[in-house]
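Enquirer: Attaching a single structure in structure tokens format; questions to follow.
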Amino acid sequence: MVSRVESVEELVSRAVDTFRQRYGQTPTTAVCGPGRVNLIGEHTDYNEGFVFPMALPMVTVVVGRKTDSGVCRVTTTSPDADDPKEVAFPVPSSTDPLRPGKPAWANYVKGVVANFKGEVCSFDAVLASSVPLGGGLSSSASLEVATYTFLEQLSPQHPPATLKEKALACQKAEHEFPGMPCGIMDQFISVMGREGHALLLDCRSMAAELVPLDNPDVVVLVTNSNVRHELTGSEYPTRRRQCEEAAKILGKKSLREATTDDLEAHKAQLDPEVLCRARHVIGEIRRTTEAASALQAHDYGKFGRLMVQSHNSLRDDYEVSCAELDTLVSAAMDCEGVYGSRM
């Protein structure tokens, strides 16, 4: 079933109605941050490799207004967020810093407030989102970026934070409060994404290049497997440690510097599982740069083949796929006109 995505205007309207009902006033500020889908380059960001995501029309909206209460009050309209749906916490200070806690969804907001590069005022806010929670479309980064943008509007900085500083502050928020050791991709694409483009991001230098994705005859179809994606409850930290172990054995700062020849030369020293993880990352970094070049050249056939190779590697070497995802990829590739598919 094809789902209709709420427009930004509809999300704002819904959030404004909730704000009026809950806080008895009209919000003065409305901002949003987009979700993302990664075209190729999976589990490469924390290995200093390349990623190639694009921003989505699915967004998280924050509406609200500044107050003089000294307390930040936030309400979420998401039915999938854990209870309670409203939190209140004091404006943080050096003697009374914010700390993570329950509900879990509020930690993303608190983390951004704690890492905002400017003065934080008290506020009332309502959240509304069309990015599905646990759908692998980075609802967390869209919330973080929307929250940071909201704080920027309430208390403008002089000079304002750069896009890179903003993305890194949001990443730090996710590390410290939800406790998710994510790479930089999600926050960077949510901050830097532009309509009609994908973003080739070098996760070592943090250089970003917008690549046009503007052929009206080519579309990106995002399919929901309905298998919930929860990084903190998954094997993500284990995979990250395995990559670090492989890089150490190979004598490299990160797997970005490693080659398949390096891997072959040290094969006997690597645990078989660690070998598989490293093989995926090294191959995926190469596939990502090749895919960006293929897209720039409008070589959609090559781009699609690289996507399928990526999926097979994620399934077999990184072991992060599942039966539902494998079935969707197989079904997509059986359809006429499909260039490629991956989890």
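The values are calculated or read from the model by the stated rules, or taken from the named source; none is laboratory data. Predicted, not measured: the structure shown is a model, and the values here were computed from it. As a convention, Cβ positions derive from the backbone with ideal geometry for all residues, glycine included, and neighbour counts pool all protein chains shown. The area values use the complete protein model at the heavy-atom level, side chains included, leaving out ligands, DNA and RNA. Shrake-Rupley method; radii C 1.70, N 1.55, O 1.52, S 1.80 Å.
Residues checked against (1) out of contact with any His (no Cβ under 9 Å at 6 or more places or on another chain); (2) closer than 19 Å to A169 by Cβ; (3) not hydrophobic (A, V, I, L, M, F, W, C):
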position: A30; (1), (2), (3): yes, no, no
position: P34; (1), (2), (3): yes, yes, yes
position: N38; (1), (2), (3): yes, no, yes
position: G41; (1), (2), (3): yes, no, yes
position: A55; (1), (2), (3): no, yes, no
position: T75; (1), (2), (3): yes, no, yes
position: P84; (1), (2), (3): yes, no, yes
position: V112; (1), (2), (3): yes, yes, no
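Enquirer: Among the residues of region 229-279 satisfying the criterion of being of a type in the set (D, E) and closer than 30 Å to Y108 by Cα, which is modelled with the lowest pLDDT?
Expert: For region 229-279, the residue satisfying everything is E230.
Enquirer: Take residues that are of a type in the set (D, E) and open to solvent by less than 50 Å² (accessible area, probe 1.4 Å) and tell me which of the helices (runs of 4 or more DSSP H) falling wholly in region 257-322 contain 2 or more.
Expert: Because the criterion is at least 2 residues that are of a type in the set (D, E) and open to solvent by less than 50 Å² (accessible area, probe 1.4 Å), no helices (runs of 4 or more DSSP H) in region 257-322 meet it.
Enquirer: Looking at (1) over 30 Å from S254 (Cα atoms); (2) open to solvent by 50 Å² or more (accessible area, probe 1.4 Å), which one does Y108 not meet, given that it meets all the others?
Expert: It fails just one condition, (1).
Enquirer: Now for a separate question. Select from region 172-197 the residues that are part of a helix (DSSP H, G or I) and out of contact with any Phe, Trp or Tyr (no Cβ under 8 Å at 6 or more places or on another chain) and list them in ascending order.
Expert: Answer for region 172-197, where residues must be part of a helix (DSSP H, G or I) and out of contact with any Phe, Trp or Tyr (no Cβ under 8 Å at 6 or more places or on another chain): K172, H175, E176, M185, D186, Q187, F188, I189, S190, V191, M192.
Enquirer: Of L143, L151, which residue is of a type in the set (A, V, I, L, M, F, W, C), open to solvent by less than 10 Å² (accessible area, probe 1.4 Å) and part of a helix (DSSP H, G or I)?
Expert: Matching residue, one of L143, L151: L151.
Enquirer: If G49 satisfies every condition in (1) over 16 Å from G135 (Cβ atoms); (2) in contact with a strand residue (DSSP E or B) (Cβ under 7 Å, 6 or more places away or on another chain); (3) not acidic (D, E) but one, which is the exception?
Expert: Looking at each condition in turn, G49 falls short on (2).
Enquirer: Could you tell me which of the residues A15, A55, A30 is of a type in the set (A, V, I, L, M), modelled with pLDDT of 95 or more and under 26 Å from D202 (Cβ atoms)?
Expert: One residue alone meets the criteria, A55.
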